Amino acid sequence: MRNEELGMRNANEEMENGSEGFSHFSSLISHLLKQYWGYDDFRGIQREIIESIGTGHDTLGLMPTGGGKSLTFQIPALAKEGTCIVVTPLIALMKDQVNHLRERGIRAAAIYSGMTRDTIVQTLENAIFGGVKLLYISPERLSSELFQQKLRHMKVSFICVDEAHCISQWGYDFRPSYLSICDIRRLKPGIPVLALTATATPEVVEDIQSKLQSPTSNLEPQTFNVFRMSFERKNLVYVVRQTENKEEELIHILKNVNGSAIVYTRSRQRTKDTAEVLSRNGFSATFFHAGLDHMEKDQCQRAWQNGQTRIIVATNAFGMGIDKPDVRLVIHLDCPDSIEAYFQEAGRAGRDGLRAYAVLLYNPNERSKLEQRITTQFPDKAYIRQVYEHLAYFYEIGIGSGYDRTFEFPIEKFCRTYKHFPLPVESALKILNRAGYIEYREEEDTQARVMFLLERDELYRLKNNSPQEDTIIVTLLRNYTGLFNDYQYIDETFLAQQTGMTRPQVYMILRELAQKNILTFIPQKKTPYVRYMQRREDAEHLIIPRAAYEDLKEKFEIRIRKMVEYATESHECRSRFLLRYFGDTDAKDCTQCDICLDQRTSPTDKAQKAILQLLEDRKPHHISELTDIKEDSIVIEEALRQLLREEQVTNDNGMLSMGD
C-alpha cells in the first residue's frame with residue numbers, strides 16, 4: 001500500500017477523534033502540498049477551504065482568478081479516501097488538469113462529450129475499483145443513466161463544483177445542466193460539496209448555497225462554510241480609454257507596454273482580422289475562437305503560452321484554465337456585457353504578482369451596441385413561439401408528439417429555411433430550454449467515425465495504396481475493433497501519435513481512403529442538438545414563466561447598465577468600483593488606475609495633456625479651439641505658456657502646432 005494511501009486512511013479514521021484527527025489531517029495536507037507541488041505553505045484562504053471540506057462541511061470558496069482554486073480540491077482529494085467528483089464546464093481545462101496531475105503521479109481521469117461508451121464505462125469502473133482519485137466530468141454528463149448507475153457503486157470523497165456561479169439563474173453564465181448536481185446529491189446523501197467561483201455577487205452567493213443545498217430528512221438545512229478571499233488585485237492597473245479609433249489605440253498601447261498580451265473581441269471574424277492588422281504592424285500575433293479545430297487551437301495556444309507568439313486575439317472562448325502567469329496586458333476591443341465577465345477576463349493579467357494592465361477601449365457608440373444585446377438575448381415572446389413552431393416544421397413533429405426525441409440542429413440551414421438570424425434563434429432556444437420545452441446543447445463535439453467497406457482479406461490484396469495509406473489502415477486495425485461491422489469512434493490525434501504523422505495528414509489520408517471506397521469516414525464536427533423534453537404544444541399555448549424570461553431580462557439589463565457605468569465612470573476608482581460590485585464595501589482607492597491618476601493631476605497638467613491630444617494629428621489648429629477644453633481659461637493660458645516655453649508647441653499667428 002502506498003504511504004499516502006495509508007496516511008489518507010489514518011486521516012479519515014482519526015478525523016472522527018476530534019482535535020487529534022484534525023491535527024493529523026492538517027499535517028497530511030501540508031505534506032501532500034510539498035510532495036506533489038513543491039510548495040512549503042498554502043496561500044490566502046486555501047488551507048481554510050481544504051480543512052473545511054476535509055472535515056465534511058459543505059463549503060463555498062470565493063477566490064479571484066489566479067487565486068489557486070485548483071489546489072483547494074486537488075489536495076483534499078488526495079487526503080481523503082475515495083474519488084473526488086469534479087464538475088466543470090470547461091473540457092479544455094479538465095483535459096489540461098488531468099494531464100498535469102498524471103505527470104505528478106496522481107490518478108486522474110475525465111469524462112466529456114465525444115468519448116466512446118466503452119471508454120466512459122472503463123473510466124467509471126476504474127473509479128469504482130479505486131483507480132481514480134479525481135474524476136472530472138462535464139455537467140451535461142451528470143444526468144446520464146450510465147453515470148448515475150455507476151455512481152451508486154462508487155466511493156465518493158466529496159463533490160467539487162467549479163465555476164459554481166453557473167448554477168445560479170442570477171449569474172452572468174447560467175447553465176441549466178448544473179442543476180443536475182442536485183440529483184447527484186440525492187444519490188449520494190451525506191457527501192459534502194465544495195463550490196468554487198471567481199465571480200459572484202452577494203445575490204449569486206446566496207443562490208449558489210440554496211441550489212446546492214444538501215437534501216436532508218429534517219427541515220433544518222445544513223449551512224455552508226463560506227470563505228472569501230479579497231478580489232483586490234494590487235498589481236493590476238485598470239484603465240478605460242475613450243477612443244474613436246480602437247485599432248490605432250490598440251497599436252499605441254502594445255508599443256508602449258511590453259510583454260505577453262491577450263486582446264479580447266466579441267466576434268470570431270474580428271479575432272482573425274485584428275491579428276492580421278497587428279502582424280502587418282510588426283507584432284507577433286495569432287488568434288483563437290471556438291470555431292477552430294482542436295489542432296489549430298492547440299497550436300496557437302501553445303505558441304502563445306511558450307512565448308513564441310506575443311499576442312493572442314480571442315473571443316471569450318479563450319482563457320479558462322490557462323495557466324500563464326506573465327501576461328502583462330489584457331485589452332478589450334469590445335465591451336463585455338457584464339462586470340463579471342470583464343473582471344474574470346481582465347484578471348488573467350499579472351498572475352505572477354508583477355505589474356500588469358487591464359485596458360477597456362470604449363467609444364460612445366458602445367452603449368447602443370450593448371443595449372441591442374438585450375433585444376438579441378431576450379427576443380419578443382411572439383418571436384420565441386414562432387421559432388418553436390418552425391422547429392416543429394423543420395423536424396416534422398406533429399402536435400402531441402416528439403417527446404424525448406433528439407435531433408442534430410444545423411442552425412445555418414434552419415435560419416436559411418425560415419429566414420431567421422442565428423443569434424436571436426439561439427436566444428429563443430435557450431429560453432425554451434429554461435421553460436422546459438426543449439433541451440438545447442450548443443456545439444457538442446462528436447468524434448470522428450470510421451467503418452471499413454472492404455473485408456479484411458480484401459484489404460491485404462490492395463496494391464495501389466501509398467505507404468502512408470497502408471500505415472493508417474494497419475494502425476486502425478491494431479487499435480480498434482468492430483471496424484468491419486459498424487461505425488467506430490476514432491481519435492485522429494492518437495492516430496497521428498501512433499503513425500508519426502500530423503493530425504491534418506491523418507485527416508487527409510482518411511478522406512483519400514474514403515474516396516477510394518476502402519472505408520467510410522465521418523469527420524469530427526461540432527454540432528448543436530435539440531431534444532424535446534415534452535410533447536409538442538400548439539405555439540399559442542406555450543407558457544414562458546417569469547423566472548425564465550422577465551426576471552432574467554431584468555437582471556441582464558442591470559448588468560449592461562453597470563458595465564456602461566464602469567466604462568463611463570469619471571470619479572470613482574476603477575478597482576473600488578469593481579470590488580464594490582462584488583460586495584466589498586470597504587475597498588480603498590487603488591491610486592494607480594486612470595481615474596486615480598487623473599485626480600492626482602493638477603488642472604494645469606490636465607490642460608497640457610488636452611492641448612497635446614488636440615495637436616497629436618500633427619496639423620495646425622487655431623488657438624480658438626482651446627475653448628473646447630473643459631478647464632478654466634486662466635488654467636488653459638498657463639498650460640499653453642508652459643508648452644510654448646518648453647517648445648513642445650509652436651504658435652504661428654494664432655495657429656498652434658506640435659513642436660519638432
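In the stretch 498-631, taking the dipole from charged Cβ atoms about the Cα centre, the farthest positive-side position among 612, 558, 542 is held by 542.
Could you order peptides 408-416, 338-346 by the average number of other Cβ atoms within 10 Å of their residues, highest first?
Averaged packing, sorted descending, gives the order 338-346, 408-416.
By accessible area, using a 1.4 Å probe on protein heavy atoms only, the stretch 297-406 has 41% of its surface on carbon and sulfur. Normalised by residue count, the stretch 609-660 yields a Cα convex hull volume of 71 Å³ per residue. Its Cα centre serving as origin, the stretch 502-660 has a Cβ charge dipole (Lys and Arg +1, Asp and Glu -1) of approximately 1680 debye. Using the Cβ-Cβ distance between residue 534 and residue 376 with R0 set to 30 Å, the FRET efficiency from 1/(1 + (r/R0)^6) comes to roughly 0.70. With a bin width of 10 angstrom, please list the P(r) values of the stretch 61-159 as percents of all Cα-Cα pairs, from the 0 bin to the one holding the largest distance. The percentages, shortest bin first, are 15, 52, 29, 4. In straight-distance terms, cross-link reach from residue 381 covers every one of the lysines whose alpha-carbon lies under 16 Å from its own, apart from those fewer than eight places away in the same chain; here that gives 430, 553. For the stretch 25-31, backbone phi angles converted through the Karplus equation (6.51, -1.76, 1.60; θ = phi - 60°) give residue-by-residue couplings of 4, 4, 6, 5, 5, 5, 4 Hz, Gly and Pro being listed as x.
The distance separating the Cα centre of the stretch 231-282 from that of the stretch 619-643 comes to 31 Å. Report the local net charge at residue 176: Lys and Arg +1, Asp and Glu -1, summed over other residues whose C-beta lies under 11 Å from its C-beta. Local net charge: +2. Taking the DSSP bridge list for the chain and keeping only pairs wholly inside it, about 30 percent are antiparallel. For the stretch 548-578 versus the stretch 144-212, the inter-centroid distance based on Cα atoms is 27 Å. Given a 1.4 Å probe and the protein chains as shown, residue 154 ends up with an accessible area of around 10 Å².
Check the straight Cα-Cα distances from residue 80 and name the aspartates and glutamates below 17 Å, setting aside those fewer than 8 residues away within the same chain. In chain and number order, the partners are 4, 5, 13, 14, 16, 20, 48, 51, 58. Looking at 575, 290, 498, which one has the Cα that reaches farthest to the positive end of the dipole of the chain (charges on Cβ: Lys, Arg +1; Asp, Glu -1)? Projecting each Cα onto the dipole axis, the largest value belongs to 498. Packing here is the average count of other Cβ atoms within 10 Å per residue, and on that basis the peptides 354-360, 579-585, 146-152, highest first, run 354-360, 579-585, 146-152.
Would you mind estimating how fast the stretch 92-150 diffuses translationally, via Stokes-Einstein at 25 °C and 0.890 mPa s with the Kirkwood radius over Cα pairs, in µm²/s?
So the translational diffusion coefficient is about 209 µm²/s.
Counting only lysines at least 8 places from residue 516 when in the same chain, those with an alpha carbon closer than 25 Å to its own are 463, 525.
What is the sum of charges around residue 385, taking Lys and Arg as +1, Asp and Glu as -1, for the other residues whose C-beta is under 12 Å from the C-beta of residue 385? Combined, the nearby Lys, Arg, Asp and Glu give -4. Label separation (residue 588 vs residue 34): 3.5 nm, computed from points 7 Å beyond Cα along the C-beta direction. Ellipticity at 222 nm from helices only: DSSP H runs of n ≥ 4 in the chain, each -39500 (n - 2.57), divided by the residue count, give -13000 deg cm²/dmol.
Structure note, pairs 95/188; 324/588; 324/413: Cα-Cα distances above 32 angstrom occur for 324/413. In the chain, a dipole from Cβ-located charges (positive for Lys and Arg, negative for Asp and Glu) runs towards its positive end, and of 184, 166, 245 it is 184 whose Cα lies farthest in that direction. Local charge for residue 196 was computed over the other residues whose Cβ lies under 11 Å away, with Lys and Arg +1 and Asp and Glu -1, and equals -1. Given the stretch 117-241, what whole percent of its Cα pairs are spread farther than 19 Å? In whole percent, the long-distance tail amounts to 56. The 3J(HN,Hα) values that the Karplus relation (6.51, -1.76, 1.60; θ = phi - 60°) gives for the stretch 61-78 are, in residue order, x, 10, 9, x, 3, x, x, x, 4, 4, 5, 5, 10, 6, 5, x, 4, 6 Hz. Gly and Pro appear as x. According to the Kirkwood relation over distinct C-alpha pairs, the hydrodynamic radius of the stretch 341-434 is 16.6 Å.
Between residue 248 and residue 477, 0.36 nm times their residue separation minus their Cα-Cα distance comes to what?
Values: separation 229, 0.36 × 229 = 82.44 nm, distance 5.55 nm.
Separation in residues times 0.36 nm, less the Cα-Cα distance, equals 76.9 nm.
When peptides 462-471, 130-139, 180-189 are sorted by average Cβ neighbour count within 10 Å, with the highest value leading, the order is 130-139, 180-189, 462-471. Between the alpha-carbon centres of the stretch 487-511 and the stretch 301-326 there is a gap of 26 Å. Think of each Lys and Arg Cβ as +1 and each Asp and Glu Cβ as -1; about the Cα centre, that makes the dipole of the chain roughly 1340 debye. Here the Karplus relation 6.51 cos²θ - 1.76 cosθ + 1.60, evaluated at θ = phi - 60°, turns the backbone of the stretch 537-542 into coupling constants of 9, 5, 4, 5, 9, 4 Hz, with x for every Gly and Pro.
The values are calculated or read from the model by the stated rules, or taken from the named source; none is laboratory data. Remember, it's a predicted structure, so these values are computed and weren't measured experimentally. Because the Cβ atoms are built from the backbone with ideal geometry, glycine has one as well, and the counts that use them run over all protein chains shown. Surface areas here come from the heavy atoms of the whole protein model, side chains and all, with no ligands, DNA or RNA. Shrake-Rupley method; radii C 1.70, N 1.55, O 1.52, S 1.80 Å.
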